[in-house]
Amino acid sequence: MINYLYREQNWKSQLNDLITDPHELLDLLSLSPDELLSGAILASQQFKLRVPRSFVEKMSQENPLDPLLLQVLPHHLELDEHDGFVTDPLGEEAATQLPGVLHKYESRFLLTLTGACAIHCRYCFRRHFPYQENLPKNKDWLEIKKYIESQPQINEVILSGGDPLTLSNQKLHTWLERIASLPQIKFLRIHSRVPIVIPERLDEELIHTLATSRLKIILVIHANHANEIDHTTQHYLKQLQQHQVTLLNQSVLLKGVNDTAKTLQDLSYRLFESGVMPYYLHVLDKVKGAQHFDLSQDHVTTLYNELLAQLPGYLVPKLVREIAGEKNKTPIVTQFNHIG
Ligand code: SF4
């Protein structure tokens, strides 16, 4: 049985007590391990299993097709080779300017301060990213500052993953102060899956840091299914909303997880009830190891048109794909039965 006391542990304890053993995960969900376990063990040698216990509590028992489980359980299909699925699908190594600085878009750039995540999502496009060579140290700040100042069109910094909210409050505070010291920067965007998987991370100290910053703060959470957002998650997200943090969500379309219009409608409504606006719906980035989550273009077209027909416009996320080297996400047109 799952131990519900984990809800009351603080976020650091939860981060230090992630499930990393496929056997334990299957056991907690009362799943007979035989057929799933051997593939999971092999695949987790390439990209380790990592999942918080509170996220496992949101999964259903005895259901190998649970949409949350499918996102985290390593699968033998990850080991297959498929044409077009590569280790760096978005060309991020070429876009790296300095350790931690990924400059792909005109007015904004990504700063990756850590390679650690609270959860390992099997579809992650950075699952092969060489974080160790790309993490900025404190002494690198002067170089980063010089780089920003040499590009006056930059007005936004995006903290991206690894997951920035796995860092300590002290470290986040230090980097926010550095960024806020540059008058040209107006916006700070944080992309994180932690508010979904360990919502207790949104503690008072972090909220104070965000609420008192000169910068306009945007938090983009990453939820793919309505079951990921429970009352605890909603409670913590609402605290942020009360402090004028803009809350957006982006999802990835994943076969078996959220590949029906009904599932995506439920997600949009759950997000809205939680004070979060649906922002992007990404088609899968073709990263090696995630090919079994891919959907056909026809499926995506039909699904999105259904979503457009059934949801009010403000709850329909933009359907996009990211193309290496492009200066923005590429919108996908579905109304003419054509995917761009
Ligand atoms: S939390 Fe984000 S960066 Fe980390 S594994 Fe999941 S998708 Fe990738």
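The values are calculated or read from the model by the stated rules, or taken from the named source; none is laboratory data. Note that the structure is predicted; figures quoted are calculated from it, not measured. All Cβ positions, glycine included, derive from the backbone under ideal geometry; neighbour counts span all protein chains shown. Accessible surface areas use protein heavy atoms only, side chains included; no ligands, DNA or RNA. Shrake-Rupley method; radii C 1.70, N 1.55, O 1.52, S 1.80 Å.
Could you check the range 104-137 and list, in sequence order, the residues that are in contact with a His (Cβ under 8 Å, 6 or more places away or on another chain), more than 10 Å from the ligand (Cβ to nearest atom) and closer than 26 Å to LEU254 by Cβ?
Within the range 104-137, LEU110 is the sole residue that qualifies.
When the range 207-244 is examined, which residues are found to be under 17 Å from SER160 (Cβ atoms) and of a type in the set (A, V, I, L, M)?
Within the range 207-244, LEU210, LEU215, ILE217, ILE218, LEU219, VAL220, ILE221, ALA223 qualify.
I'd like the full set of residues that are open to solvent by 60 Å² or more (accessible area, probe 1.4 Å), out of contact with any helix residue (DSSP H, G or I) (no Cβ under 9 Å at 6 or more places or on another chain) and of a type in the set (A, V, I, L, M), limited to the range 49-90.
Across the range 49-90, the qualifying residues are LEU65, VAL86.
Please state which of the following conditions ASN227 fails to meet, knowing it meets all the rest: (1) more than 16 Å from the ligand (Cβ to nearest atom); (2) part of a loop (DSSP other than H, G, I, E, B); (3) surrounded by 14 or more Cβ atoms within 10 Å (Cβ to Cβ).
Every listed condition holds for ASN227 apart from (2).
Quick check on this structure: which one of GLN244, GLN234, GLN265, GLN250 is outside the structural domain of LEU69 (by TED's automatic domain parsing) and modelled with pLDDT under 95?
Exactly one of GLN244, GLN234, GLN265, GLN250 is outside the structural domain of LEU69 (by TED's automatic domain parsing) and modelled with pLDDT under 95, namely GLN244.
Let me spell it out: the conditions are (1) in a helix (DSSP H, G or I); (2) touching a Leu at 6+ places or on another chain (Cβ under 9 Å); (3) touching a residue at least 40 places away in the same chain (Cβ under 8 Å), and THR232 meets all of them except one. Which number is the exception?
Of the numbered conditions (1) in a helix (DSSP H, G or I); (2) touching a Leu at 6+ places or on another chain (Cβ under 9 Å); (3) touching a residue at least 40 places away in the same chain (Cβ under 8 Å), the odd one out for THR232 is (2).
Exactly one of (1) modelled with pLDDT under 95; (2) within 14 Å of the ligand (Cβ to nearest atom); (3) out of contact with any Leu (no Cβ under 6 Å at 6 or more places or on another chain) is unmet by ASP83. Its number?
Result: ASP83 fails condition (2) only.
State all residues of the range 204-217 that are hydrophobic (A, V, I, L, M, F, W, C) and surrounded by 16 or more Cβ atoms within 10 Å (Cβ to Cβ); if no residue qualifies, say none.
Selection gives LEU206, ILE207, LEU210, LEU215, ILE217.
Every residue in the range 278-335 that is part of a helix (DSSP H, G or I) and surrounded by fewer than 17 Cβ atoms within 10 Å (Cβ to Cβ), please.
Residues satisfying the conditions are GLN297, ASP298, HIS299, THR302, ASN305, GLU306, LEU308, ALA309, GLN310, GLY313, TYR314.
Any residue in the range 160-188 that is within 16 Å of the ligand (Cβ to nearest atom) sitting within a Cβ distance under 7 Å of a residue that is of a type in the set (D, E, K, R) and open to solvent by less than 10 Å² (accessible area, probe 1.4 Å)? List the pairs, counting only those 6 or more apart or interchain.
Once the first residue is within 16 Å of the ligand (Cβ to nearest atom) and sits in the range 160-188, its partners that are of a type in the set (D, E, K, R) and open to solvent by less than 10 Å² (accessible area, probe 1.4 Å) give LEU165/ARG201.
Taking the range 131-150, which residues are surrounded by 14 or more Cβ atoms within 10 Å (Cβ to Cβ) and part of a loop (DSSP other than H, G, I, E, B)?
Result: ASN134, LEU135, PRO136.
Of the residues ARG193, ARG178, ARG201, ARG189, which is out of contact with any helix residue (DSSP H, G or I) (no Cβ under 9 Å at 6 or more places or on another chain), charged (D, E, K, R) and either under 17 Å from THR114 (Cα atoms) or buried (at least 21 other Cβ atoms within 10 Å of the Cβ) (or both)?
ARG189
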